[in-house]
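Data first, discussion second: the structure below is written as structure tokens.
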Amino acid sequence: MRNLVSYIALLMALTSWSCTSFDQAYYEKASGVKLPVETEVIESFDNGEYLTVTSLKSDSISLAGLIKKYNFEKRSQASLPAFTGLNYLKEVKPDLIRERNLYVKSASKGGNSWLYIIDLKQHILWAQIQYPDWGGT
């Protein structure tokens, strides 16, 4: 019984660690989008199977630079790609209903797909990467 309790405690610790870490290098490598140097991680989540999502706070100049450099598009709610990571965020979520300030960039390459949403009014960048589930589950 004692081993079971220890195992459960270890499993819970590993799960909470893997769900809260943000690997900026991975996001940049997978998507080709170089994120601003001066960012504050609001929250980050990786389900360990096929999806990682992060919200970042940055200054408006850096975010406007990303929009210009990577050709983000202003989108309406009807034309937004699926933002699966929205279900995992707890802190700040993009207002997809009143999308006045949202700029979007999405693409896919080599089994990965990504979606970046920038809200210039809140100075927040949401980043989602869906990666292959090599385990097949």
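Bear in mind that the values in this text are calculations on the coordinates, not laboratory data. For clarity, every value in this text was computed on a predicted model and none was experimentally measured. Here Cβ is always computed from backbone atoms with ideal geometry, including for glycine, and neighbour counts include all displayed protein chains.
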Stretch gain in nm, segment residue 82-residue 21, where the contour uses 0.36 nm per residue and the Cα spacing is subtracted: 19.7 nm
Lys and Arg at +1, Asp and Glu at -1: add these up for the other residues within a Cβ distance under 14 Å of residue 89 and post the number. -2
For a 22 Å ceiling on Cα separation, which of these pairs sit above it: 34/57; 93/121; 69/93; 29/90; 68/121? 69/93; 29/90
With residue 23 itself left out, Lys, Arg at +1 and Asp, Glu at -1 over residues whose Cβ is under 15 Å from its Cβ give -1
Which residues' amide hydrogens lie under 5 Å from the amide hydrogen of residue 120, considering only partners 5 or more residues apart or on another chain, with H built in the peptide plane? 103
Expected unfolding gain across residue 112-residue 70 under the 0.36 nm per residue rule, minus the alpha-carbon gap, is 13.4 nm
Packing-based ranking, highest mean first, of 117-127, 60-70, 87-97 given that Cβ atoms within 10 Å are counted: 117-127, 60-70, 87-97
